[in-house]
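Scroll down for the structure; my scribbles are underneath it.
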Amino acid sequence: MEHPVLMFFGVFAVGVLVIWIKSLFDEKKGIDSPEKRKIEEILQKIMQENKEFGEYVSVYAYQREDHARSSRCWYYAIALTAEKMYVVPLTFGDKEIGHAKAVVIEKDWVDKIDTGKPGGPYYCIKCMDNNGKVILDFRLEEKNTKLDKTYPVNIVQVEEARAFMQILEQWKQK
């Protein structure tokens, strides 16, 4: 009876080790991944179309809803300036990242921003109007690694996420 238990824990430990090593490799790839470059290209195009030529911070974010037997995810490329937030819904095909039209949220439209706990490595962000209605709800992570179909990208954005949060803090002070 002891041998099957030891065998189970051995297999479990090897599984954890394999996942940990894969995560480390994915983080390294995520620093300058094709997905990160593609999302930056999408946001550059959106910003040019909207005649925004000033400084902005671009990030990848997502929203996930978990249900009893399933979950749904929405993916976003977000560009944030001192006055506007450009939210671009993303789609993921076999090897292609597509996008829909950007939704622009003006700083003045946002009455309250809840950024959850400070300090990362992830931020749960809710932007609300003056009636308390949620305009936008998303999760911003410093390190995104491919795990399964609901986590489709390797994107490391530590500096970008922190710069994004600094601008959001300024939005909160308006």
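Quick one: Karplus J couplings for the range 126-132, per residue in order, coefficients 6.51, -1.76, 1.60, θ = phi - 60°, nearest Hz, x for Gly and Pro?
For the range 126-132, the Karplus-derived couplings read 10, 9, 10, 7, 6, 9, x Hz, x marking Gly and Pro.
Please compute the length gained on full extension between residue 48 and residue 147, using 0.36 nm multiplied by the number of residues separating them and subtracting their Cα-Cα distance.
32.3 nm
For the range 4-172, what is the per residue volume of the convex hull drawn over the alpha-carbon atoms, in cubic angstrom?
150
How large a share of the accessible area of the range 4-172, in percent, is made up of carbon and sulfur atoms when the probe is 1.4 Å and the other protein chains stay in place?
56
Once the other residues with Cβ under 14 Å from the Cβ of residue 89 are scored (Lys, Arg +1; Asp, Glu -1), what is the net sum?
+1
How far, in degrees from 0 to 90, does helix 34-49 lean away from the longest principal axis of the Cα atoms of the chain, to the nearest 10?
Value to nearest ten degrees: 10.
Each residue of the range 59-71 in turn: what ³J(HN,Hα) in whole Hz from Karplus with 6.51, -1.76, 1.60 and θ = phi - 60°, glycine and Pro shown as x?
9, 9, 9, 8, 10, 10, 10, 9, 10, 3, 10, 7, 9
Return the whole-Å distance between the Cα centroid of the range 87-119 and the Cα centroid of the range 41-78.
Spelled out, the Cα-based centre of one part sits 4 Å from the other.
Any chance you could give the angle, 0 to 90 degrees and rounded to 10, that helix 2-30 forms with the longest Cα principal axis of the chain?
Rounded to the nearest ten degrees, it is 30.
In terms of the Cα gyration tensor, with a ≥ b ≥ c the square roots of its eigenvalues, is the range 32-118 rounded because a/c is under 1.5, prolate because a/b exceeds b/c, or oblate?
oblate
Going down the table (146/174; 126/149; 36/107; 51/117), which pairs top 28 Å between alpha carbons?
Pairs exceeding the cut-off: 146/174; 51/117.
Only Cα pairs within less than 10 Å get springs; with that Gaussian network setup on the chain, which residue of 51, 101, 133 has the largest fluctuation?
Of the options given, 51 has the highest mean-square fluctuation.
Can you list, largest first and rounded to whole Å, the semi-axes you get for the range 74-174 by taking the square root of 5 times each eigenvalue of its Cα gyration tensor?
For the range 74-174, the semi-axes come out at 24, 16, 12 Å.
Kindly provide the GluC sites (Glu not before Pro) of the range 80-174 that DSSP labels as loop, not H, G, I, E or B, and whose Cβ sees at most 15 other Cβ atoms within 10 Å.
Here the sparse-neighbourhood loop sites are 83, 96.
Kindly express, to the nearest 10 degrees and within the range 0 to 90, the angle between helix 158-172's C-alpha long axis and the longest C-alpha principal axis of the chain.
Approximately 40 degrees, to the nearest 10.
The values are calculated or read from the model by the stated rules, or taken from the named source; none is laboratory data. Because the structure is predicted, anything quoted here is derived from the model rather than measured. Counting neighbours? That spans all protein chains shown, and the Cβs are built from the backbone with ideal geometry, glycine included. With ligands, DNA and RNA removed, areas are computed over all heavy atoms of the protein, side chains included. Shrake-Rupley method; radii C 1.70, N 1.55, O 1.52, S 1.80 Å.
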